[in-house]
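Heads up: the structure comes next, in structure tokens.
The values are calculated or read from the model by the stated rules, or taken from the named source; none is laboratory data. Because the structure is predicted, anything quoted here is derived from the model rather than measured. Here the Cβ positions follow ideal geometry from the backbone for every residue, glycine too, while neighbour counts run over all protein chains shown.
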Amino acid sequence: MSRRPLLNLNLKHLFSSTRSRSLTYVPVPRPVDGTARPVTLIPGDGIGPLVTGAVERVMDAMHAPVYFEKYEVRGDMNTVPPEVIESIRKNKVCLKGGLRTPVGGGVSSLNVLLRKELDLYASLVHCINLPGLPTRHDKVDIVVIRENTEGEYSGLEHEVVPGVVESLKVITKFCSERIAKYAFEYAYLNNRKKVTAVHKANIMKLADGLFLESCREVASKYPGIQYNEMIVDNCSMQLVSKPEQFDVMVTPNLYGNLIANTAAGIAGGTGVMPGGNVGFDYAIFEQGASAGNVGNEKIVEQRTANPVALLLSSAMMLRHLQFPSFADRLDAAVKRVIAQGKYQAGDVGGDSTTEEVVDAVIANIK
Amino acid sequence: MASQIVRRIARSSRSKYASLGNPSLLDRSCSQSAASNSNLIRATLFPGDGIGPEIAESVKQVFKVAEVPIEWEEHYVGKEVDPRTQSFLTWESLESVRRNKVGLKGPMATPIGKGHRSLNLTLRKELNLYANVRPCYSLPGYKTKYDDVDLITIRENTEGEYSGLEHQVVRGVVESVKIITHLASLRVAEYAFHYAKAHGRERVTAVHKANIMQKTDGLFLKCCREVAEKYPEIKYEEEVIDNCCMALVKDPSTFDVLVMPNLYGDIISDLCAGLIGGLGLTPSCNIGEGGIALAEAVHGSAPDIAGKNLANPTALLLSGVSMLHHLNLHEKADQIHDAILKTIAEGKFRTGDLGGKSTTTDFTNAICNHL
């Protein structure tokens, strides 16, 4: 039975003590008269438009009560256009295809910019073995929760003298605490048994030491959840040999990126793992682990991008918007297609195009 | 699996007359090659703690049976902090490695506490060990979930994220500085391509995160590209680290030689060790300025099985083999290497961590019998 990730709905109110605890849902107007909820849609570039097109088709076929406000954003723009940010602030939920960041030259990553601007401090990837998808490891069911705003990705670099460059990694108590709280709250609300903090505090004593301190403090408030710590290099070794020992993992920014991609890889690939970026007020759902194939030209030309990850992420989004039955139907349809194994995209060993996979999913919606 | 043994012998015979170390070492070894039969080469041995002494004995025994012309100079970690090195390693030990230019190190447990540097860090800084080379290949006979791993990870060892420069800005805010320099990146890139050429490797992949850390990893990539131009016969690629992690766990056979800065190297080399069966089977060699090579076993000192004759000496033995390659004693190295592979492939004598019940001495004797 698949787990249902409950996202940020309840957490906002559990954090702020001034609101009354009896309110458990984000006060979003309910569609009592059948009005659809607006969701910002950013197709992006590379395979982005292909996979978001897939989601639009499926949502249409299901008659889901959402409608998309599309915006053009490309990876090599200088900054995200202000109307896009406005739209996300208004709708509170966004679905993103993929933004390819050009390597090495002058443009700061728009993905990172969006996360900082909207303060999406937690990045979630749910890596789970999907029946029907052959992998070397089984019994994988890991949720990687990664701090999304600071750490190594602060973007603070400068050249000291020619030939010597410095980059600053910033860790603050505030951010470490809130990501630890999110991780434990998530584990508690989703009936997860163990939280593992991943770090390198034997070398970076102050920085990762501060992160660990925050995790330990929060752990002491959840005696029912097991807590342990693991050094990142040992962790990656354990992930490839014994992944069943991990449940929820909480990490700072860089390690989280690597661990999430490794975990996604062992569970079937980044083409099928759902995930999202969540903050107090906003949420952006996208392909779980780093869209490594966003810029892959061949996949774009042949239209063989795997839409499964974004479809499962949009199911998470539907749940976040409190349309659980639509979410469940979408989830079930996608899983049925994978279990049947006839229509699989290239990255998981099949040879279907995006369109064929989408057709199969639509056919399987009950 | 026999085909794997054949492939390894073929590849090492290609490199028979090439040196593992710096070009500067070639002069030394040329003058020594005639003499190495009659003279003994002095090498420093650090048995280390925990299971260290037992597996060091294993190595000495195997080398003696194989008649390797090496004379060991043993050094132990002291009980108190030596003020000249600010750690438990004495100045004499470090001088010994500097003199002999070659060494083998067992696992050392860094005592937890303040006021002294970690032992590994001391060695690294004092001997200027700038590259850590870890060949990872699937051992025939020991089955893991990955059968076709055959790659080398070369990691920059002196700077990057592990510079140790951290400070608390205000209460609750900590900064850690990552440094990348032209000099260090160039040095490790040079070594990587030299190694690839010397061992008949076809591709070198630089692993980075330059889409986010544009200046630092950008500088690293620039240096790699500079060096790549001097070796047109070797294919050069670049890969973002998150794609690299994913590709490694899905299909490790797509990689050949990987070169990367410190932190990524740490994580990737341990990931690769995990692919082939863990740190108990992984050899490793640290290359320093002036042609110093310190081979080491990277696993822990396993205090719980120390002294019980249960430890697996494979990692230290394979590191010893890479040390012999560095000294140009290729025949001896291949002999010992094949003996180890054959013993593990047979499966009759295996220590506890490989799933068997043999003791260290049984395993060592089996290897000696295969020589």
- request: Could you look through region A:46-82, keep only residues that are surrounded by fewer than 19 Cβ atoms within 10 Å (Cβ to Cβ) and among the polar types (S, T, N, Q), and pick out the one that is modelled with the highest pLDDT?
  value: A:T79
task: Kindly provide the set of residues from region B:160-184 that are crowded, with 21+ Cβ neighbours inside 10 Å and either in a loop (DSSP other than H, G, I, E, B) or more than 9 Å from chain A (Cβ to nearest Cβ) (or both), ordered by number.
output: B:G160, B:A184
Elements of type strands (runs of 3 or more DSSP E) in region A:204-306, at least 3 residues being at pLDDT below 85 and surrounded by 24 or more Cβ atoms within 10 Å (Cβ to Cβ): none
message: A:V361 - would you say it is among the β-branched types (V, I, T) and in a loop (DSSP other than H, G, I, E, B)?
response: no
Scan of region B:17-46 for residues that are at pLDDT 50 or above and either assigned to a helix (DSSP H, G or I) or more than 15 Å from B:L318 (Cα to Cα) (or both), ordered by number: B:S38, B:N39, B:L40, B:I41, B:R42, B:A43, B:T44, B:F46
- request: Determine, yes or no, whether B:L121 is at negative phi, touching a helix residue (DSSP H, G or I) at 6+ places or on another chain (Cβ under 8 Å) and not in a loop (DSSP other than H, G, I, E, B).
  value: no
message: Can you confirm whether A:P131 is surrounded by fewer than 24 Cβ atoms within 10 Å (Cβ to Cβ) and facing chain B (nearest Cβ under 9 Å)?
response: no
- prompt: Taking B:E92, is it among the acidic types (D, E), surrounded by fewer than 22 Cβ atoms within 10 Å (Cβ to Cβ) and more than 14 Å from every other protein chain (Cβ to nearest Cβ)?
  reply: yes
- line: Subset of region B:249-285, residues closer than 28 Å to A:P134 by Cα, among the small types (G, A, S) and surrounded by 24 or more Cβ atoms within 10 Å (Cβ to Cβ), comes to B:S269, B:A273, B:G274
task: Go through region A:145-156 residue by residue and tally those that are modelled with pLDDT of 90 or more and out of contact with any Cys (no Cβ under 7 Å at 6 or more places or on another chain).
output: 2
- request: Could you tell me whether A:Y282 is touching a Lys or Arg at 6+ places or on another chain (Cβ under 9 Å), in contact (Cβ under 8 Å) with a residue 40 or more places away in the chain and away from chain B (no Cβ under 13 Å)?
  value: yes
field: Counted residues, region A:309-366 - those being surrounded by fewer than 23 Cβ atoms within 10 Å (Cβ to Cβ), touching a Phe, Trp or Tyr at 6+ places or on another chain (Cβ under 6 Å) and not aliphatic (A, V, I, L, M)
entry: 2
statement: Note: among A:V198, A:V232, A:V240, just one is closer than 30 Å to B:Y146 by Cα, touching a Ser or Thr at 6+ places or on another chain (Cβ under 9 Å) and more than 10 Å from chain B (Cβ to nearest Cβ), namely A:V198
- request: Would you point out the residue of region A:144-158, among those that are part of a strand (DSSP E or B) and within 28 Å of A:P243 (Cβ to Cβ), that is farthest from the other protein chains (Cβ to nearest Cβ)?
  value: A:I145
task: State which residue is farthest from B:N365 (Cα to Cα) when the search covers only region B:47-89 and only residues that are surrounded by 18 or more Cβ atoms within 10 Å (Cβ to Cβ), modelled with pLDDT under 85 and of a type in the set (A, V, I, L, M).
output: B:L89
message: Against the definition (of a type outside the set (K, R) and part of a helix (DSSP H, G or I)), how does B:Y195 come out, yes or no?
response: yes
query: Quick check: is even one residue across region A:176-192 under 19 Å from the mean Cα position of the chain (by Cα), outside any strand (DSSP E or B) and at the interface with chain B (Cβ under 7 Å from one of its Cβ atoms)?
result: no
query: Among A:T262, A:T270, which is over 13 Å from the mean Cα position of the chain (by Cα) and touching a residue at least 24 places away in the same chain (Cβ under 8 Å)?
result: A:T262
- prompt: Is there a residue in region B:357-371 that is closer than 14 Å to B:V68 by Cα and surrounded by fewer than 21 Cβ atoms within 10 Å (Cβ to Cβ)?
  reply: yes
Residue list for region B:123-158, restricted to those being touching a Gly at 6+ places or on another chain (Cβ under 6 Å) and under 18 Å from B:G106 (Cα atoms): B:L127, B:L129
field: Flag for B:A206 being surrounded by fewer than 21 Cβ atoms within 10 Å (Cβ to Cβ) and among the small types (G, A, S)
entry: no
- prompt: Considering region B:202-216 alone, what residues qualify as being facing another protein chain (nearest Cβ under 9 Å) and within 16 Å of A:L258 (Cα to Cα)?
  reply: B:H208, B:K209, B:A210, B:N211, B:I212, B:M213
- request: Determine whether region B:140-156 contains at least one residue that is away from chain A (no Cβ under 14 Å), over 18 Å from A:Y153 (Cα atoms) and assigned to a helix (DSSP H, G or I).
  value: no
